[in-house]
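What follows is one structure encoded as structure tokens, with my remarks underneath.
Each value in this text was obtained by applying a stated rule to the coordinates, not by laboratory testing. For clarity, every value in this text was computed on a predicted model and none was experimentally measured. In this analysis, Cβ positions are derived from the backbone assuming ideal geometry, glycine residues included, and neighbour counts consider all displayed protein chains.
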Amino acid sequence: MEKYEKLEKVGEGTYGKVYKAKDKITGQLVALKKTRLEMDEEGVPPTALREVSLLQMLSQTIYIVRLLCVEHVDNKNGKPLLYLVFEYLDTDLKKFVDTYRRGPNPRPVPPSVIQSFMFQLCKGVAHCHSHGVLHRDLKPQNLLVDKEKGILKIADLGLGRAFTVPLKSYTHEIVTLWYRAPEVLLGSSHYSTGVDMWSVGCIFAEMARRQALFPGDSELQQLLHIFRLLGTPSEEQWPGVSALRDWHEYPQWKPQNLARAVPSLEADGVDLLTKMLQYDPANRISAKEALEHPYFDSLDKSQF
């Protein structure tokens, strides 16, 4: 690890620390994610190796943060450490949106930026899904932004259960809760790519509104936020919903006009958002289908 100069610590999680660093030879900025390994007798656990190879495979697209290399070192006490070396991006989508929301001159995120970022996000998610990988924790903090080039990349992906090195540690799960699909909130044990598409819809709305669409502070509160806007789901609309583990008799709300919740989105944008926020996961638009939606017709796709 002598080839990198650590510049500052940018995050700390349960599994280790994240540093902004510079390659001493090339001058390239990188993110170093350090994780402690629970070693078995054979050396590096196979789960860790599997997750790293998955991440290397997925980072072959520009829309997923690139894993540059993996360094296996022993610390001073002879304990094994794994450093994952990623390309460095200076901000995330949450901070990016906050620059429009805060300060002396609050203003909407330009529609062309929202459209471009949404297209890139759907590209990245489609890439994951085509390789059989669910992200399961898509949120603005996990989407890194290169402001100069206008590029958005999915991060914190593929490290699954073997080890996860979050860019930031949060004291509770509230942040993630806001983007959690209703089938997960209701205790479904089987879920698929639809969980990511629900999160993508919540992120889409948040860029347009500059604030979260469903900011619940508990799982129950989260469901009530969703039901108040989209209406309480019924068996007709979502077959099997009342059989889910955490289903109760909820107040019966009628669906509101979604366009009112995102007044800055034009009709095609509202239509795409509606397709992402379908209750029945089987009816939710896929990432691949979303790329063909009329909302993106005015986008110059040759640059992506």
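Between SER264 and ASP98, the simple spin-label model (points 7 angstrom out along Cα→Cβ) gives 1.7 nm.
The charge dipole of the chain, taken about its Cα centre with unit charges on the Cβ atoms of Lys, Arg (+1), Asp and Glu (-1) only, comes to about 960 debye. Of the complete DSSP H runs in the chain, those spanning 20 angstrom or more by Cα along the long axis with a mean Kyte-Doolittle score not below -0.5 are 111-130, 194-209. Sites listed here are GluC sites (Glu not before Pro) in segment 189-264 whose DSSP assignment is loop and whose Cβ has at most 14 other Cβ atoms within 10 Å: GLU235, GLU236, GLU249.
Here the convex hull built on the C-alpha positions of segment 56-144 has a volume of 138 cubic angstrom per residue.
In terms of distances greater than 26 angstrom between alpha carbons, the cross-link table entries LYS34/LYS288; LYS20/LYS79; LYS3/LYS139; LYS20/LYS95; LYS139/LYS288; LYS24/LYS139 yield LYS34/LYS288; LYS3/LYS139; LYS24/LYS139. For segment 210-304, the equivalent ellipsoid derived from the Cα gyration tensor has semi-axes of 28, 16, 12 Å, listed largest first. Placing a pseudo-label 7 Å from each Cα along the Cα-to-Cβ vector at VAL70 and GLN303 gives an inter-label distance of 3.6 nm.
From largest to smallest, the equivalent ellipsoid semi-axes obtained for the chain from the alpha-carbon gyration tensor read 35, 24, 18 Å. Applying 1/(1 + (r/R0)^6) with r as the Cβ-Cβ distance of ALA243 and SER53 and R0 = 41 angstrom yields a FRET efficiency of 0.60.
With contributions of -39500 (n - 2.57) from each DSSP H run of at least four residues, the per-residue ellipticity at 222 nm computed over the chain stands at -9000 deg cm²/dmol. Per-residue extension of 0.36 nm, minus the Cα-Cα distance of GLU292 and ARG228, leaves a gain of 20.0 nm for this segment.
Among 289-297, 68-76, how do they line up by average Cβ neighbours within 10 Å per residue, starting with the highest?
Result, highest mean Cβ count within 10 Å first: 289-297, 68-76.
Each residue of segment 137-147 is assigned a 3J(HN,Hα), and the resulting list reads 8, 6, 7, x, 5, 9, 10, 8, 10, 9, 4 Hz, derived from the Karplus form 6.51 cos²θ - 1.76 cosθ + 1.60 (θ = phi - 60°), x at Gly and Pro.
Under the convention that each Lys and Arg Cβ holds +1 and each Asp and Glu Cβ holds -1, the size of the dipole of segment 191-244 around its Cα centre is about 240 debye. Projecting the Cα atoms of GLY240, SER199, GLY216 onto the charge dipole of segment 176-304, computed from C-beta unit charges around the Cα centre, puts GLY216 farthest toward the positive end.
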